[in-house]
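Mind having a look at this structure? Questions to follow.
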């Protein structure tokens, strides 16, 4: 299964030589996005900070660019990352900016306009690799600098508390009978859309898709009865699950969660749906930064992953502690892209 191929844990190693992520012979795609991002934000690109010396530190406040609206898993990650950086580097001021739109494309295009400026980071996940596979974006993930993967996330299928669907096969049965089951998705290329597509392929069914800007909007629509099901990360909906406002009916992973309140949720495979897919959560910096700048951010993020606040972030959001430093993260992303091309291309 795709999830098994991509979910293999690679041991954490020390910071190594920067691996190139540029496509041989490719034109600098970032140049095509500068005008777009500048027009969206009302400002142009920034001058790079730092040089090619042996050491580098931020010269001004750092911006975490969240490419989705507040309330979703990427927003939760971005704010945890900002707090973690300030803990690891007390002298740094970090701000979070949400730049939603285009299923994440607006935020990544903004980061593209900051080429060679190490003061901008983005909390990246599946959309960062999947969007260019299905959409004519002026960038791919290789136009940025992968800093480090810090965790793995999975998808839950969730229904309203009073839904007639008690288990995954109830949903499948309704779809096979031609029922118009509405599923909420945050864009066309996120983890939720990929899992939905894999389920449709595996079962020979078709959902009625309703697109939102973020997981937070999907949760509200689910509670309000505007959609019938949703594919969400635990971080996006765990509060509503604990409050009894929604019910999880399946987890799309190789194994169940170990901790309440998700420990009794069966996997999709246990219920006859052969889909298991995980997404990475990692940090990208702007492209074309120096080795010293990239190494600084890798070490900073690594320090965070050794802290109590990182452990709390994982625990609160039911994430799995999969860490891949820069070089291994690049290798992983190349394989991830190839596999997504097979699913989405």
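Please say if the range 156-271 is rounded, prolate or oblate, where rounded means a/c under 1.5 for a ≥ b ≥ c the square roots of the C-alpha gyration tensor eigenvalues, and otherwise the choice is prolate for a/b larger than b/c and oblate otherwise? Walk me through the intermediate numbers first.
Numbers: a/c = 1.34, a/b = 1.11, b/c = 1.21.
It is rounded, given that a/c, with a ≥ b ≥ c, falls under 1.5.
If we sort 146-158, 248-260 on the protection proxy, mean other Cβ atoms within 10 Å, highest first, what's the order? Spell out each step's value before the answer.
On the way: 146-158: 25.5, 248-260: 17.5.
Listed from highest to lowest mean packing, they are 146-158, 248-260.
Using alpha carbon centroids, what distance separates the range 105-124 and the range 191-260, in Å?
When both Cα centres are located, 28 Å separates them.
How would you classify the range 241-345 from its alpha-carbon gyration tensor, with a ≥ b ≥ c the square roots of the eigenvalues: rounded for a/c under 1.5, else prolate if a/b is greater than b/c, otherwise oblate? Present the calculation step by step, with values, prior to reporting the outcome.
Working: a/c = 3.00, a/b = 1.48, b/c = 2.02.
Oblate is the answer for the range 241-345, as a/c is 1.5 or above yet b/c matches or exceeds a/b.
Relative contact order for the range 154-304: what is it in percent, counting Cα pairs under 8 Å that are at least 6 residues apart?
Values: 235 pairs, mean separation 45.8, N = 151.
Relative contact order of the range 154-304: 30 percent.
Mean separation of Cα pairs under 8 Å and 6+ residues apart, divided by the residue count of the range 90-219: what relative contact order is that in percent? The partial results should precede the final answer.
On the way: 109 pairs, mean separation 30.9, N = 130.
24 percent.
In whole angstrom, note down how far apart the Cα centers of the range 159-181 and the range 54-79 are.
38 Å
Among rounded, prolate and oblate, which fits the range 269-330 when a ≥ b ≥ c are the square roots of the eigenvalues of its C-alpha gyration tensor, a/c under 1.5 means rounded, and a/b larger than b/c means prolate?
Numbers: a/c = 3.59, a/b = 1.68, b/c = 2.14.
Oblate.
Bear in mind these aren't lab numbers, they're just calculated from the coordinates by the rules spelled out. In this text, all values refer to a predicted model and were calculated from it rather than measured experimentally. Counting neighbours? That spans all protein chains shown, and the Cβs are built from the backbone with ideal geometry, glycine included.
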